[in-house]
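Undergrad: My structure is below; once you've seen it, I'll send some questions.
The values are calculated or read from the model by the stated rules, or taken from the named source; none is laboratory data. Treat the numbers as computed from the prediction; the structure is a model and nothing was measured. Reconstructed Cβ throughout: ideal geometry from the backbone, glycine too, with neighbour counts over all protein chains shown.
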Amino acid sequence: MTARPEPVTVEAPATSANLGPGFDSLGLALELRDEVTVEIDPAGTDFSGVAIEVSGEGAEVADRGEHHLIVKVLRRALAEIDALAPKALGDVAGVRLTCVNRVPHSRGLGSSSAAIVAGIAAARTLHPHGALFGDDAALRLATDIEGHPDNVAPCVAGGLTVAWTTPDGPRLVRLDPAVDGVTVFVPEHRVPTERARGLLPDTVPHGDAAANAGRAALLVAALTGGLDASVLLDATEDRLHQDYRAPAMPESAALVARLREAGVPAVISGAGPTVLAFTTASRLDSIDGEAGNGWHVYRLDVAPRGVRVRPGVTGAWT
């Protein structure tokens, strides 16, 4: 009989993808973390079935059973580790989650990536043969579930990440951004990622694609080299996705335009509708007035570390 492992608590950061021109490739980890404590009882000796407690963001609509995203990811990851293990864990009879959600849902701050990465990190820690499931395999699974690597990469690695996909699977490079933090403007309403992606055209003009390639390269240089705000304003210009998505989030598009007219490098965070601005804390009061009513304004530090597992384990990805 497999011994029941000790519960683990996983902390997964919010993330902002795209950052303007870096569509489906650039991502930034932010110091706002969802926290989930995971317990499993493989044999169901002490408890069986699924029990979930949720507080915070999205608690009113969260699934409390097998369809909860972390439960689905946890079971899939445990099964993939089982396939590598000399002695399989088998179907886990009991799962308990205690979720403290801080990342807003369906707002473009990576709540689904946080859940996915947390589920995989918990599985790697709880499974007695979790060490067999390496970092590349874990990133591949996270990307497969999420659909693209731009949000899961910073959630895994922290800092600023560049992610891409090869025939052998997703890859990432982690960089240290030379920015202390960002300001995010979070609206009350949600925009599902599927809706935002559905507004994108199948093709774009060659000139727009070329412009974005140059801006994305400049953005990496600006964020890692501490270039001045005027360069960062140019570097965050986008022609590939934000204008196409504007009909789904007109207030967000208008706020980005107002901030940029005021000289603030502002973008849609991920698929929106949150707006992210690269600006100093000292300027927060002056740009807060640009938002008007209906926005929650937060100053967030960049998270130098990605997902964390405690106690006793400093990180699920090494």
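Undergrad: Against the condition in contact (Cβ under 8 Å) with a residue 24 or more places away in the chain and either in contact with a helix residue (DSSP H, G or I) (Cβ under 8 Å, 6 or more places away or on another chain) or farther than 18 Å from Ala123 by Cβ (or both), how does Ala62 come out, does it pass? Before you say what the answer is, go through the steps one by one.
TA: Values: in contact (Cβ under 8 Å) with a residue 24 or more places away in the chain: yes; either in contact with a helix residue (DSSP H, G or I) (Cβ under 8 Å, 6 or more places away or on another chain) or farther than 18 Å from Ala123 by Cβ (or both): yes.
Yes.
Every residue, every condition in (1) surrounded by fewer than 17 Cβ atoms within 10 Å (Cβ to Cβ); (2) farther than 22 Å from Asp202 by Cβ; (3) touching a strand residue (DSSP E or B) at 6+ places or on another chain (Cβ under 6 Å), yes or no:
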position	(1), (2), (3)
His241	no, no, yes
Arg245	no, no, no
Val264	no, yes, yes
Ile268	no, no, no
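Undergrad: Please find, within region 63-80, the residue that is nearest to Asp180 (Cα to Cα) out of those that are surrounded by fewer than 20 Cβ atoms within 10 Å (Cβ to Cβ) and aliphatic (A, V, I, L, M).
TA: Top of the filtered list is Leu69.
Undergrad: Given the conditions (1) surrounded by fewer than 18 Cβ atoms within 10 Å (Cβ to Cβ); (2) closer than 30 Å to Asp208 by Cα; (3) not aromatic (Phe, Trp, Tyr), report the number of the one that Gly22 does not fulfil.
TA: Going through (1) surrounded by fewer than 18 Cβ atoms within 10 Å (Cβ to Cβ); (2) closer than 30 Å to Asp208 by Cα; (3) not aromatic (Phe, Trp, Tyr) one by one, Gly22 breaks only (1).
Undergrad: When both residues are 6+ apart or on different chains and their Cβ atoms are under 6 Å apart, which pairs have a first residue that lies in region 206-233 and is at negative phi and touching a residue at least 12 places away in the same chain (Cβ under 8 Å), and a second that is aromatic (Phe, Trp, Tyr) and outside any helix (DSSP H, G or I)?
TA: Correct list of pairs: Leu232/Phe278.
Undergrad: For region 148-170, which residues satisfy the criterion of being in contact (Cβ under 8 Å) with a residue 12 or more places away in the chain and surrounded by fewer than 24 Cβ atoms within 10 Å (Cβ to Cβ)?
TA: His148, Gly159, Val162, Trp164, Thr165, Gly169, Pro170
Undergrad: Consider Leu89 against the criteria (1) among the hydrophobic types (A, V, I, L, M, F, W, C); (2) surrounded by fewer than 18 Cβ atoms within 10 Å (Cβ to Cβ); (3) at pLDDT below 95: it satisfies all of them except one. Which criterion is unmet?
TA: (2)
Undergrad: Considering each residue of region 164-196, count those that are under 15 Å from the mean Cα position of the chain (by Cα), closer than 28 Å to Arg140 by Cα and not polar (S, T, N, Q), and give that number.
TA: Residues that pass the stated criteria total 3.
Undergrad: Applying the selection to region 29-46, what residues are free of Cβ contacts under 8 Å to residues at least 60 places away in the same chain and part of a strand (DSSP E or B)? Quick ask: steps written out before the conclusion?
TA: If we filter region 29-46 for residues that are free of Cβ contacts under 8 Å to residues at least 60 places away in the same chain, which is where we start, we get 39, 41-46.
Those that are free of Cβ contacts under 8 Å to residues at least 60 places away in the same chain and part of a strand (DSSP E or B): Glu39, Asp41.
Undergrad: Any residue in region 174-196 that is in a helix (DSSP H, G or I), free of Cβ contacts under 8 Å to residues at least 24 places away in the same chain, out of contact with any His (no Cβ under 7 Å at 6 or more places or on another chain) and not hydrophobic (A, V, I, L, M, F, W, C)? It would help to see each step written out before you state the result.
TA: In the first step, residues of region 174-196 are kept if they are in a helix (DSSP H, G or I); the result is 193-196.
Of the ones still in play, those that are also free of Cβ contacts under 8 Å to residues at least 24 places away in the same chain are 194.
Still in the running and out of contact with any His (no Cβ under 7 Å at 6 or more places or on another chain): 194.
So of that shortlist, the ones also not hydrophobic (A, V, I, L, M, F, W, C) come out as 194.
Yes: region 174-196 contains one or more residues that are in a helix (DSSP H, G or I), free of Cβ contacts under 8 Å to residues at least 24 places away in the same chain, out of contact with any His (no Cβ under 7 Å at 6 or more places or on another chain) and not hydrophobic (A, V, I, L, M, F, W, C).
Undergrad: Can you give me the ranges of the helices (runs of 4 or more DSSP H) entirely in region 70-163 with at least 1 residues that are more than 18 Å from the chain's Cα centre (by Cα), among the charged types (D, E, K, R) and assigned by TED's automatic domain parsing to the domain that holds Gly58? Even if it seems obvious, please write down each step before you answer.
TA: Numbers: elements: 111-126, 135-146, 152-157.
Of the helices (runs of 4 or more DSSP H) lying wholly inside region 70-163, those with at least 1 residues that are more than 18 Å from the chain's Cα centre (by Cα), among the charged types (D, E, K, R) and assigned by TED's automatic domain parsing to the domain that holds Gly58 span 111-126.
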